[in-house]
1. Any idea which of Ile49, Leu35, Ser361 is furthest toward the positive side of the dipole for the chain, if Lys and Arg beta-carbons carry +1 and Asp and Glu beta-carbons -1?
2. Protein chains only, probe 1.4 Å: how do Asp278, Asp208 rank by accessible area, largest first?
3. Nearest 5 is fine: what % of DSSP beta bridges in the chain come out antiparallel, could you say?
4. Dipole of the stretch 297-378, Cα-centred, from +1 at each Lys and Arg C-beta and -1 at each Asp and Glu C-beta, to the nearest 20 debye?
5. Which of the three applies to the stretch 122-239, rounded, prolate or oblate, going by the alpha-carbon gyration tensor with a ≥ b ≥ c and a/c under 1.5 meaning rounded?
6. Can you classify the stretch 32-120 as rounded, prolate or oblate using the Cα gyration tensor, where a ≥ b ≥ c are the square roots of its eigenvalues, rounded means a/c under 1.5, and otherwise it's prolate if a/b beats b/c and oblate if not?
7. Quick one: among Cys273, Cys213, Cys340, which has the greatest mean-square fluctuation in a GNM of the chain with alpha-carbon springs under 10 angstrom?
8. Calculate the dipole size of the chain relative to its Cα centre from +1 charges on Lys and Arg beta carbons and -1 charges on Asp and Glu beta carbons; express the result in debye to the nearest 20.
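The values are calculated or read from the model by the stated rules, or taken from the named source; none is laboratory data. What you see is a predicted model; the values in this text were computed from it and never measured. Because the Cβ atoms are built from the backbone with ideal geometry, glycine has one as well, and the counts that use them run over all protein chains shown. For the accessible areas, the whole protein counts, side chains as well, though only heavy atoms, and no ligand, DNA or RNA atoms are used. Shrake-Rupley method; radii C 1.70, N 1.55, O 1.52, S 1.80 Å.
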Amino acid sequence: MSQDPWLLTPGPLTTSMSVKQSMLHDWGSRDAKFLAINTRMRSRLVAMIGGEGAFTCVPMQGSGTFAVEAMIGAFVPPAGKLLVLINGAYGKRIAKICEYYKRASAVLEWAEDQPVDPARVAKALADDAAITHVAVVHCETTSGVLNPIAEVARVVAAAGRKLLIDAMSAFGAIALSSQEVPFDAVAASSNKCIEGLPGLGFVLARVDALRQCQGNAPSLSLDLYEQWQALEKTGQYRFTPPIHCIVAFDQALTEHEEEGGVAGRGARYRNNCKILVDGMRALGFETLLPDQLQAPIIVTFHMPTDPRFVFQTFYDKLKDRGYVIYPGKLTVADSFRIGCIGRLDETHMKGALAAVRAAMSEMGVANGSPRRQAASAE
Ligand SMILES: *Cc1c(COP(=O)(O)O)cnc(C)c1O
């Protein structure tokens, strides 16, 4: 079997052979072995936020967005109002979910290269008594910016409101402790930093809060409360679960533990990120974000100004060498992204940098700088 390309993307990601191999079985959805694996997966995820006793894990079939949508639909009651903090596409998506669900909402927006500002959140909450919940994205994958979750959570709690977190691209690599950071629910998925396969989202929900959510969801299949109740009462999913994905996810959780949990996983990604950023800067490329705002998840680079640099050609040349990168998603600047997550280590990052150098040389691009003067200085 030839080597698949390495995925330097925001997900789905490169996974280990053992995670893929764990799927090579058939299980029925009532298979006791599968149900035991599912139960173990749920408790491992609760443990990852230190939520034993206070939190429960409600898995949801589908991609990460399905879990975010299920979280918003269940937690924000028809009479509630959600304040959405937006500094990228994923915050915008939460606002869109409110429109679909006809939930009252307000938004606060920042530029894509700025973290959300807790002081502005405090003011918005003081000014609008109707707001019951706040939604924030932990790492905004659009740019790779890390939002100050703990500070936002403090402000929200101090104002007596409830926090809902989309931690999709950070979960499992950047610590989030339910004992230190007050929140009611956090959503993530199987195929990002835990390095499982795509197909399952999950919400870690504070049990006290989830108990109040009966009847809120405007969707049958995404009803988080009913999903939880079915799992608690029967141990089973209401509708066909992605069994292979769940079994592989449990294997990925074993490998996550073996690597040292969130700290170990985060350390590998930080090292990947540093090698990538240092190597790209040495070639003249510039990151969108200063280092102190950059999460070690995905890095946005400004597009070089040299007219010989054509992104599609660059992309194809990297792909031919076995590395898949990602186009930019910014509205503020022309850019592309390179991910640091998935089953990749420093060998892969150095390999990707060698591929970048080779692609540039074939295109006749001497410098990756996004500044005009540098591009014309030859
Ligand atoms: C990946 C991601 C999602 C979910 O995306 P899906 O394509 O639905 O899996 C949501 N929020 C953030 C911040 C993400 O990075």
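1. Leu35
2. Working: Asp278 75, Asp208 105 Å².
Heavy-atom accessible area, descending, gives Asp208, Asp278.
3. On the way: 23 of 42 bridges.
Bridges in the chain that DSSP calls antiparallel: roughly 55 percent.
4. On the way: 11 positive and 8 negative charges, 26 e Å.
In total the dipole reaches around 120 debye.
5. Working: a/c = 2.05, a/b = 1.20, b/c = 1.70.
Oblate is the answer for the stretch 122-239, as a/c is 1.5 or above yet b/c matches or exceeds a/b.
6. Working: a/c = 2.26, a/b = 1.81, b/c = 1.25.
Prolate shape, in that a/c is at least 1.5 and a/b is the bigger ratio.
7. The residue with the greatest mean-square fluctuation here is Cys213.
8. Working: 38 positive and 38 negative charges, 66 e Å.
The dipole of the chain has a size of about 320 debye.
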